[in-house]
1. Would you work out which of A:S326, A:P455, A:T62 lies farthest towards the positive end of the dipole of chain A, given +1 charges on the beta-carbon of Lys and Arg and -1 on that of Asp and Glu, about the Cα centre?
2. For chain A, find the longest principal axis of its Cα atoms and tell me its angle to the long axis of helix A:231-243, 0 to 90°, nearest 10.
3. Any idea how far apart A:T6 and B:T295 come out in nm if each label point goes 7 Å out from Cα toward Cβ?
4. Which distances in nm, rounded to one decimal and ordered from shortest, link the label point of B:P271 to the equivalent label points in the other identical copies, with labels set 7 Å from Cα toward Cβ?
5. List, in the order given, every pair from A:K401/B:K94; A:K186/A:K424; A:K183/B:K424; A:K444/B:K56; A:K97/A:K388; A:K59/B:K59 whose Cα-Cα distance in the structure shown is over 31 Å.
6. Tell me which GluC sites (Glu not before Pro) from the range A:1-49 have a DSSP coil assignment and no more than 15 other beta carbons within 10 Å of their own.
7. In nm, one decimal, shortest first: how far is the label point of A:E435 (7 Å from Cα along Cα to beta carbon) from the matching points in the other copies?
8. Suppose R0 equals 25 Å. What FRET efficiency, 1/(1 + (r/R0)^6) with r the Cβ-Cβ distance, do A:A49 and A:D138 give to the nearest 0.05?
Number of protein chains: 2
Amino acid sequence: MEKNFTQFIEELIQQIGEKHVYTDEERREAYNFDGTDYRYLPEAVVEPATTEQISKLMKLATKYKIAVIPRGTGTGLSGGALATNGGVILSFLKMNKIIEIDEVNMTARVQPGLINLHLHEALAEKGLYYPPDPASYDTSSIGGNIAEDAGGPHCYKYGTTRDYILGMEVVLPNGEIIRTGVKTRKGVVGYDLNNLIISSEGTLGIVTEAVLRLIPLPQNIMTMLVFFPNIENVIASMTGFSKNRIVPGTMEFMDKACVDLLRGRIQFTIPDETQVLMIIELDGESSEIEKQMETAGEICFENEAFDVFLADSSHKRQGLWDVRRSFREIIKETVKYKRAEDVVVPISKIPELLAGNYAIAEKYDFVSYNYGHLGDGNVHANMTNMVKNDDVIRRGHHAFKEVFELTLNLGGTISGEHGIGITKKPYLGMELSEESIRIQKEIKKIFDPLNILNPGKIFD
Amino acid sequence: MEKNFTQFIEELIQQIGEKHVYTDEERREAYNFDGTDYRYLPEAVVEPATTEQISKLMKLATKYKIAVIPRGTGTGLSGGALATNGGVILSFLKMNKIIEIDEVNMTARVQPGLINLHLHEALAEKGLYYPPDPASYDTSSIGGNIAEDAGGPHCYKYGTTRDYILGMEVVLPNGEIIRTGVKTRKGVVGYDLNNLIISSEGTLGIVTEAVLRLIPLPQNIMTMLVFFPNIENVIASMTGFSKNRIVPGTMEFMDKACVDLLRGRIQFTIPDETQVLMIIELDGESSEIEKQMETAGEICFENEAFDVFLADSSHKRQGLWDVRRSFREIIKETVKYKRAEDVVVPISKIPELLAGNYAIAEKYDFVSYNYGHLGDGNVHANMTNMVKNDDVIRRGHHAFKEVFELTLNLGGTISGEHGIGITKKPYLGMELSEESIRIQKEIKKIFDPLNILNPGKIFD
């Protein structure tokens, strides 16, 4: 370690105690990864227990100009929590509590290290619900969800993480502690720093507490699988749903390549000719959703669906979602090279996006898997290969550059929920104008003039 | 006019045409007001027809250092659209169109001058719905709604303006045109400039186009009035609703002073002992909401309600809402002095807030009227007097300072939907820390280094 860094660590241990500061290799290696393939070894790991300790950490980091990288549970898919420039990983392992669930006001106050699933479970006991449910919800933390504005299957009806964060306690890079947003269900006092911090990927401030908005837990859920001959019929069915005022909690899809992988993994027989599988989930009062599901089924049949299948037991439903949530891993197991990006297009443009992805895959010799959140137009586009080498990786870059170009031409955005981090940094200028990036860099400078908080993420 | 200003106007006319630029007294006087009692005469009025004209305006304003104040329809309640420092009012009268309604993607693209009601009407024809509905929705513009993040009765269930703005075209003070947000239903690319511009009260950028998220239009609506002996029972009923997973589209309340004003203005008999009137509106499929309304009624009776009354015709319902929406004016007509502020507290604290407001009113010799959006905890607190003079106005300042202190002590916020503008500027520091305000001022400087866009609003 450099002398500067050694002094920093010594002073940090003095101020917050040695049981919160680690420099041993084992601990550092436990924090060298996230959900990408990249690995970066941090120089130290800090596991604070309080906001005050984080404030002290940042004051010392400012004094010694040390990079600090906030990290939830490392499930991120864009490299946002990697120690790419060395420095200290700030882990929220010890700040993972539910501070309060307020049933009257339907809010919860939580620490950032709390696992999304643990929150869901605690709320369900009280008949309450926090909708954002990224595929990683059983392992990802609320703090990480906030950093990326995580979405998930239920975000079509209910909105993303952003829509449920009323206010936060935030430690700034200079160590100052501020509150953003409110503790109430509404508030418009000053600029919206709350939303600015949300989705800033841990580059502007460190979230140490969040006040969440809750809703009543839906009591009845029905899930239906529908097998379609093509994506156009799926889109037409969705239009039919909205014309009939059916707003599913979830609408997911998988294309043919995915469906072929699915066979044998779920307890349903999939018709051979299936090109697209759609998952529709309705929640609400049972009489209502039964009627709506019947109408939805009719609409699907009118639009050439081969068959519909009701996941009529919670067991079948759970099995289906387990497969859906682990689909990323399932693809990974069957190929050597896999790169996935979470583009979004207007719903009506999904057919064009898929056609384009297949053409791009063919051009660069990939197999393309596409699945995702249909209602949001959020497509997880995968390019895969049975071989992984430098040439394949290079071709992957070219292929995704074309996917992004297509996405933007269709009026879309290059990331719906994974964020920019380091993996999409080269493509940022494709979507945002120079002026927009200039402003964002200036904002970063206001919050973090020394560039010590998660440096090198989103932009340089 | 100063020479500098004369040159600015000459050059502006040259660039965007004289039919968009007015310096005559009549036109200037037509733009000297908003929803507050303040009056400020602008030096000129510009009514552009295109984004490019606004860009040219801002480039010239930069060159000549002229203040530009964007103004929707002047219904704002915090003075945000007043030409407090002279300069030019930028009116969106000629930019009031719906550019596109996209039924498949359930989005609309609109100009900022569009009246909220006109949007509602156009959407209803297609079975679509844009929920934000400030009381001024028949006269206020979408641009103004965005500037303040306007709420409204339906925001309890559906969220505020912010939740429906997917992306925007924005002219910066330097004349550059940027896009914020996305055109899709999701997107996390870079810092959230979209939400930063929303609710910035026209101080960071000029919104020239917005892409709105839409939902299916609820087909059936039921409205119920409930008469309660006290506010505690109202809160208890609300908790009962959520425990039964009843989420009304609207929950409004009026306190006794309001109820007394209401008598004779609505087609319902109000029980004499009524201390609080609650309006509950459910939307959804008719079988469902009938059942829910029955349950809601039972819950209210369990909580000591004197009576419930179903507004069972659209005529009665419309009559009720007309009164509710014009309530601000109704109070105004009956008193000489009236000041209202839109504070928000956690729902469970509403009884304490009301009790406090009554005590403060008594102390300063006012009559306090309280009504508002119960579900959000958003209380429109009015202090009124039959005399208006300097002493009354001064006492009003003191009284509201105490109301704000109480609100903040109860975990609330000093503005739920009206914003800061000029009227709440003196109180900003009561809610926000110095560090938070410092950051916000720095953000203003990035966007507007010359302080020419709506200067003197929110902070100095």
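The values are calculated or read from the model by the stated rules, or taken from the named source; none is laboratory data. Fair warning: this is a prediction, and the values are worked out from it, not measured in the lab. In this analysis, Cβ positions are derived from the backbone assuming ideal geometry, glycine residues included, and neighbour counts consider all displayed protein chains. We work out accessible area using only protein heavy atoms, side chains counted, and drop any ligands, DNA or RNA first. Shrake-Rupley method; radii C 1.70, N 1.55, O 1.52, S 1.80 Å.
1. Towards the positive end, the residue furthest out is A:T62.
2. Computed tilt is about 90 degrees.
3. Rounded to a tenth, the inter-label distance reads 6.8 nm.
4. 5.8
5. Beyond 31 Å between Cα atoms: A:K401/B:K94; A:K186/A:K424; A:K97/A:K388; A:K59/B:K59.
6. A:E2
7. 3.3
8. Efficiency, from the Cβ-Cβ distance: 0.55.
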